[in-house]
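Some notes on the structure that comes next.
None of the figures in this text is laboratory data; all of them are computed from the coordinates on show. Bear in mind the structure is a predicted one, so any value in this text is a computation, not a measurement. Glycine also receives a Cβ, built like all others from the backbone with ideal geometry; neighbour counts cover every protein chain displayed.
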Amino acid sequence: MIMRWILPALSFALAVAIWEMTSRAGLVAQYILPSPSVIAKELYVQRDLLLAHTYVTALEILLGFALAVFLGVGLAVLLVYVPVFEPIIYPWLVVSQVIPKVAIAPLLLMWLGFGLLPKVMIAFLVAFFPVLIDTMIGLRSVEREPIYLMQSMGAKGFRSFWHVRLPTALPHIFGGMKVAITLAAVGAIVAEFVGSNTGLGYLLLFANGSVNAPLLFAALVVISVLALLLYWAVSASERVFLGWHISHRSR
Amino acid sequence: MSNVARAFEGEGPDVVPSRRTDTMERKPNAVQPAIEIHGLKKRFDLKNETVTALNDINVTINKGEFVSIVGPSGCGKSTLLFLMAGFTQPSEGILKVNGKPVTGPVTDLGIVFQRDVLFDWKTVLSNVMIQAEMRKLPREAALEKARYLIARVGLKNFENAYPWQLSGGMRQRVSICRALLHDAPLLMMDEPFGALDALTRDQMIIDLQRMWMENPRTAIFITHDIAEAIFLSDRVLVMSPRPGAIVEDIRVDLPRPREIEIRDEPAFIDYQRRIRKIFKSLEVIHS
């Protein structure tokens, strides 16, 4: 309890207090680094604006992430189960990952327009690869004995996949998903930077352009909280599904 | 009963000699082969060479027999078991289980591996029940049987425990329950007690013997432990180092149930000495 909650909370409170004091002492100008109380006030005053933009960004992140998990896991299953696809598809995947997504963001905007779609696509592209790689590793880490055991019971194909391969791969898949959710957030924000009139990324640029440091910081706080909540959600579902796994056993 | 068998029982003595082989198989008490192996070879293709794992195996295992295969590490015992279970295919030779040539995984069996192969995400009971689940056996009856078996190996209070909460010996007991659940006519065990400490192992072989005697069936038991093989078996097949071949087929005539103290008796020691001598002549054991 103390280790888990109280100590982190204390260290956080201390950091905020020091920040507030240096700010009030006039050591840093408010337009460069506003004090926590100013940011807090801005968060409250602009709550409707922030919430509206948060909704857009959250939707982009979630759609991009969902697509990344769905296609990442699906493609991994295909590559592992149908070996002939690997030499055909895998090089393309690697090449697509080597190209910086940020660099092709303007291109996607040109192709897919100004709306939600290009942001979802960029979030997906950034988040997809770790899910694919980790799922492939997971699906391949099954020993031969469990597969033999299933065969001796007359279970092959989908049943063997469902009862052995997928649960074995699950810890790896969740590892990939945890990386993916944070990357999807980065992808969505960057995509909004490139061209957008809504979303927290847009708000950040807007506040920056109008030298509105409190709003900029308020947006930053919201982005951080949003990313944290999303990560927490993935982590919590991991605990539900992987209670049996060595990484989650009650110590 | 068929006409032929009836003929053998009573009338027409002149019929008997000409139909002898046919009628022999139909007699209820006649010895029937469970596994027949002729000229079996297994080769593995590695990068630069071909390794012969098994060289010319010829053996018949009869129904209801408890047969151990004992041999040094790497002699191909497990390979032979996996061939009999149909997980892998022989390079040459004939392999029949219950009269049918093996072409794919044999499903008429219960199997115990070296490692327990329990699923970490299932409880003890679910791990045993997967056998019934995959075979689509009636659930209620299977559940009752599973609970009985789990209690029989002393894990009554662990039905809802997860494998990681159990010791190595307990885990292997669960995997034995899983192999026994569906009353398969064939039980295959691949060095099931190899990873356990000596005391646990003693208990395991006593438990295994008891459970096997409750419901005798063809059992193939792979081990590198000579005493374990003699204790459990009706027959001990001794294998040579690679390329593995069966060099001796020893019938163990000791009354059952065997107690752990039987290992101190002269007859038991004689068997042990005999097998050790074989390994010495094969230079598995150097002086």
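Observations, loosely collected:
- Protection proxy ranking for B:261-268, B:164-171, A:73-80, B:225-232, using the average of other Cβ atoms within 10 Å per residue and placing the highest first: B:225-232, A:73-80, B:164-171, B:261-268.
- Chain B: DSSP helices with Cα axial extent of at least 15 Å and average Kyte-Doolittle hydropathy no lower than -0.5: B:124-135, B:139-152, B:168-180, B:198-214
- Theoretical FRET efficiency, 1/(1+(r/R0)^6), r = Cβ-Cβ of B:Trp164 and B:Glu214, R0 22 Å, to 0.05: 0.15
- Of B:Lys63/B:Lys280; B:Lys122/B:Lys156; A:Lys41/A:Lys178; A:Lys156/B:Lys47; B:Lys47/B:Lys280, pairs whose Cα-Cα distance is over 23 Å: B:Lys63/B:Lys280; A:Lys41/A:Lys178; A:Lys156/B:Lys47; B:Lys47/B:Lys280
- Set of aspartates and glutamates with alpha-carbon distance to B:Lys41 below 17 Å, sequence-local pairs under 8 removed: B:Glu49, B:Asp56, B:Glu92
- If R0 is taken as 51 Å, the Cβ-Cβ distance between B:Glu140 and A:Leu33 corresponds to a FRET efficiency of 0.15.
- Estimated D of chain A in µm² per second, where Rh is the Kirkwood radius over Cα pairs and Stokes-Einstein applies at 10 °C, 1.306 mPa s: 76 µm²/s
- Computed lengthening from A:Leu14 to A:Ala236, 0.36 nm per intervening residue step minus Cα-Cα distance: 77.1 nm
- The convex hull of the Cα atoms of segment A:125-251, projected and averaged over all directions, covers 10.5 nm².
- Cα-derived Rg to Rh of segment B:214-259, Kirkwood definition: 1.00
- Using R0 = 30 Å, the C-beta based FRET efficiency linking B:Arg43 and B:Lys63 works out to 0.50.
- In the elastic network of chain B, a GNM with C-alpha springs shorter than 10 Å, the most mobile of B:Val174, B:Val31, B:Val252 is B:Val31.
- Protection proxy ranking of A:5-13, B:72-80, B:47-55, by the mean of other Cβ atoms within 10 Å over each peptide's residues and highest first, is B:72-80, B:47-55, A:5-13.
- Gaussian network model of chain A, springs between alpha carbon atoms under 10 Å - residue of A:Pro100, A:Pro130, A:Pro34 with greatest fluctuation: A:Pro100
- Whole-number Å³ per residue for the convex hull built on Cα positions in chain B: 181 Å³
- Counting neighbouring beta carbons within 10 Å and listing from fewest to most, the residues A:Val84, B:Val238 come out as A:Val84, B:Val238.
- Site pair A:Ile6 and B:Glu265 shows an inter-label distance of 6.7 nm when each label is modelled 7 Å from Cα along Cα→Cβ.
- Nearest-ten-degree value, helix A:101-112 long axis tilted from longest Cα axis of chain A: 90 degrees
- Remark: the A:Val95-A:Ile137 segment gains 13.2 nm on full extension, using 0.36 nm per residue and subtracting the alpha carbon distance.
- For B:130-136, mean number of other protein chain Cβ atoms within 10 Å: 4
- Average beta carbon contacts from partner chains per residue of B:111-119, 10 Å cutoff: 4
- Scaled to the globular estimate 2.2 N^0.38 Å, the Cα spread of the protein assembly as shown, given as radius of gyration, is 1.39.
- Amide H within-cut-off set for B:Ile111, under 5 Å, with H built and near neighbours excluded: B:Met188
- Between A:Val120, A:Val102, A:Val69, the Gaussian network model of chain A with springs among Cα atoms under 10 angstrom shows the greatest mean-square fluctuation at A:Val102.
- Backbone HN-Hα couplings from phi across segment A:201-210 [Karplus 6.51/-1.76/1.60, Hz, Gly and Pro as x]: x, 4, 4, 4, 5, 4, 5, 5, x, 9
- Residue-span extension gain [A:Leu228 to A:Leu78] - 0.36 nm each, minus C-alpha spacing: 50.8 nm
- All Cα-Cα distances of segment B:25-157, cut into 5 Å bins from zero to the largest, leave 2, 8, 14, 17, 15, 14, 14, 9, 5, 2, 0 percent in each bin in turn.
- Restricting attention to the protein assembly as shown, close to 50% of DSSP beta bridges with both partner residues there are antiparallel.
- Annotation: amide H of B:Glu248 within the under-5 Å range of B:Val238, sequence separation 5 or more or interchain, hydrogens built in the peptide plane.
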